[in-house]
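Reading through the C-alpha cells given below for one structure.
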Amino acid sequence: MSKFDVLKRFTGEVLFTAELDCDDDTPSSIRLGLNGASLYRANLDGASLYRANLNGANLNGASLYRASLYRASGINEYIKCIQIDQYPITYTSEVMQIGCQRHLIAEWRGFDDERIAGMDGKKALRFWRKYKDWIFQTIDLCPATPTKKNEADAA
C-alpha cells in the first residue's frame with residue numbers, strides 16, 4: 001500500500017490522503033486513477049488534477065469548484081476530455097478548461113472575439129472560430145454528470 005496526497009493547487013495544502021495498492025515510485029498521474037479511485041464526496045476545491053488519469057474514478061458528490069483540470073485524462077461521467085489541434089479541452093457539468101483557461105461553460109458561450117484573442121492571440125481566435133460550435137455540440141450531446149448540486153452556485 002502507498003499513501004497519495006491530493007493537494008490544493010495554490011497552497012500545496014493536503015486536501016485528503018488516499019491509500020492505494022501501488023509502489024511508492026508510481027507516478028502521481030497514474031495513482032489517482034488506479035483501481036477506479038473513489039473520490040466520492042471528496043472536496044477537490046482548488047486541487048490540481050494536472051495530468052491526472054481519472055479513468056474509472058468515482059467523483060459522485062465531489063466538489064470540483066476551482067480544481068485545475070489542465071491535461072486531466074480519463075473519460076468518465078463526471079469529467080469529459082477532448083483534444084483538438086493544439087488545445088486540450090476538459091469539462092465538467094459546469095466548467096470548461098481549454099488549455100490553461102478555465103471558465104464556466106455559460107461564460108465560454110458568451111465570450112466575444114476580443115476576449116478569446118486576449119487569451120492567446122490570433123492562434124486562440126482561429127481555433128475558437130473553427131471549433132466553437134463543434135465544442136458546444138459535443139457538450140450538448142455528451143454532457144458531464146454533475147458532481148455536486150451547488151457547484152454552479154459556488155462559482
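Computed from the coordinates by the stated procedures, all read-outs in this text should not be read as laboratory data. In this text, all values refer to a predicted model and were calculated from it rather than measured experimentally. A quick note on method: Cβ atoms are made from the backbone with ideal geometry, for glycine too, and the neighbour counts reach across all protein chains shown.
Things worth noting here:
- The residues neighbouring ASN58, those whose beta-carbon lies less than 13 Å from its own, together hold a net charge of 0 under the Lys/Arg +1, Asp/Glu -1 convention.
- Calculated FRET efficiency for the pair ASP25/LEU104, C-beta based, R₀ 25 Å, to 0.05: 0.10
- Sum of side-chain charges, ASP112 neighbourhood, beta-carbon under 14 Å (Lys, Arg +1; Asp, Glu -1): +1
- LEU15 long-range amide H proximity, modeled H, under 5 Å: VAL6, LEU7, LYS8
- Residue-wise HN-Hα coupling along segment 119-135, computed from phi with Karplus coefficients 6.51, -1.76, 1.60 (Hz; x: Gly, Pro): 7, 7, x, 5, 4, 5, 5, 4, 4, 4, 4, 6, 10, 3, 4, 5, 4
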